[in-house]
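Notes to accompany the following structure.
The values are calculated or read from the model by the stated rules, or taken from the named source; none is laboratory data. Just so you know, these numbers come straight off a predicted model, no measurement behind them. Cβ placement follows ideal geometry from the backbone for every residue including glycine, while neighbour counts extend to all protein chains displayed. For accessibility, only protein heavy atoms count, side chains too; no ligands or nucleic acids. Shrake-Rupley method; radii C 1.70, N 1.55, O 1.52, S 1.80 Å.
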Amino acid sequence: MFTIENRLAQIHARIATACGTYGRNPSEITLLAVSKTVSSNCISQAFAAGQVAFGENYIQEALQKMQALSNEIEKKSLIWHCIGAIQSNKSKWVAQYFDWAHTIDSLKIAQRLSAQRDAVLAPLQVCLQVNIDKGANKSGIAPEQALDLALAVAKLPQLRLRGLMAIPEPSASFEAQKAVHLQTQQLHATIRAQLPCEVAAQFDTLSIGMSDDLEAAVAAGSTMLRIGTALFGQRDSTARTL
Ligand SMILES: *Cc1c(COP(=O)(O)O)cnc(C)c1O
C-alpha cells in the first residue's frame, strides 16, 4: 500500500543496499525529502515517520507551507533546504527562513544572503551548485570557477560553506550516472584540498542523487540525497498544491 511511511522505509532500504554494495556507511548519508508541490500535510506525515530534512524549490510555496505547519515540535525540528534557483528579490526569504541553500552559483547572491542573514541565527549552510556536465541552459557555476567562488564564499560571515551540489542530465545508464557523479566527487575533493584547514573541515557535503540515480550517487560518494518522486509519488507538473 502506498503510504509515505512505506515509501520512506523503501528509500532507506535502497540506501542501505547501495551502501552495502559500494562500501559506504549509511550514517554518512543524509536523506533530503524534496517536497516541492507536496502539501504541508504530506510533510507532516513524513515527519511523523522520522524525516526531518526537507528540500523546497519555490520560495513562496515553501514559506506558505512553513506557516501552515501548526505543530510546534515539528516547526522546531524541521530543517529546510532551498534547492531551487534563488532570485535576488527572494534572497531575503531564503536568508531568514531556510537552514541550507544548495544553489549558490555567484558571489553576488552569496553576499546578499550573508548580508541578509540575521546574526542571531546560525550561519546559513551553503553548497555551490556546479554545472558539472556543462548543459548549455543550466544553472550552476562552471567547474573551473568553483574553487575561486568557494574561497570567496568561505569568507562571508553569515554563511558556512559545506560542499557542492549538482543536477546532471538524466541518463538511464547506471555507468553514465556514476561517471558524472564521480566528476562532482573529484571536484569536491580537489577544492577541499585547497581550502584553508578550518574551512575544509566543514566542507563535507556532496549533494548528488535523486530518485532515479540514487544508487549511482551513493556509489560515487554522495552525502546528501535529494529524493522527491520516490517518496511522495509522481508530481503533477501543472499544480502547485498546498
Ligand atoms: C525536484 C528535484 C529533486 C527531486 O527529484 P526526484 O527525481 O523527484 O527525486 C532533487 N533535486 C532538485 C534540485 C530538484 O529540483
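Worth a mention:
- Counting only residues that are on the phi > 0 side of the Ramachandran plot and surrounded by fewer than 17 Cβ atoms within 10 Å (Cβ to Cβ), the range 2-38 holds 1 of them.
- Selection within the range 202-222 - more than 13 Å from the ligand (Cβ to nearest atom), in contact with a Leu (Cβ under 9 Å, 6 or more places away or on another chain) and assigned to a loop (DSSP other than H, G, I, E, B): Gln202, Phe203, Ala220, Gly221
- Residue in the range 175-196 that is closer than 25 Å to Glu144 by Cβ, open to solvent by less than 30 Å² (accessible area, probe 1.4 Å) and free of Cβ contacts under 8 Å to residues at least 12 places away in the same chain present: no
- Selection status of Ala62, within 16 Å of the ligand (Cβ to nearest atom), surrounded by fewer than 20 Cβ atoms within 10 Å (Cβ to Cβ) and not β-branched (Val, Ile, Thr): no
- Near pairs, Cβ below 6 angstrom, 6+ apart or cross-chain, from the range 94-109 (open to solvent by 10 Å² or more (accessible area, probe 1.4 Å)) to any residue that is modelled with pLDDT under 95: Asp105/Ser139
- Contacts under 6 angstrom Cβ, first residue in the range 206-223 being open to solvent by 10 Å² or more (accessible area, probe 1.4 Å), partner charged (D, E, K, R) and outside any helix (DSSP H, G or I), 6 or more apart: Met210/Arg226
- Among the candidates Leu225, Leu182, Leu231, residue that is assigned to a helix (DSSP H, G or I) and within 13 Å of the ligand (Cβ to nearest atom): Leu231
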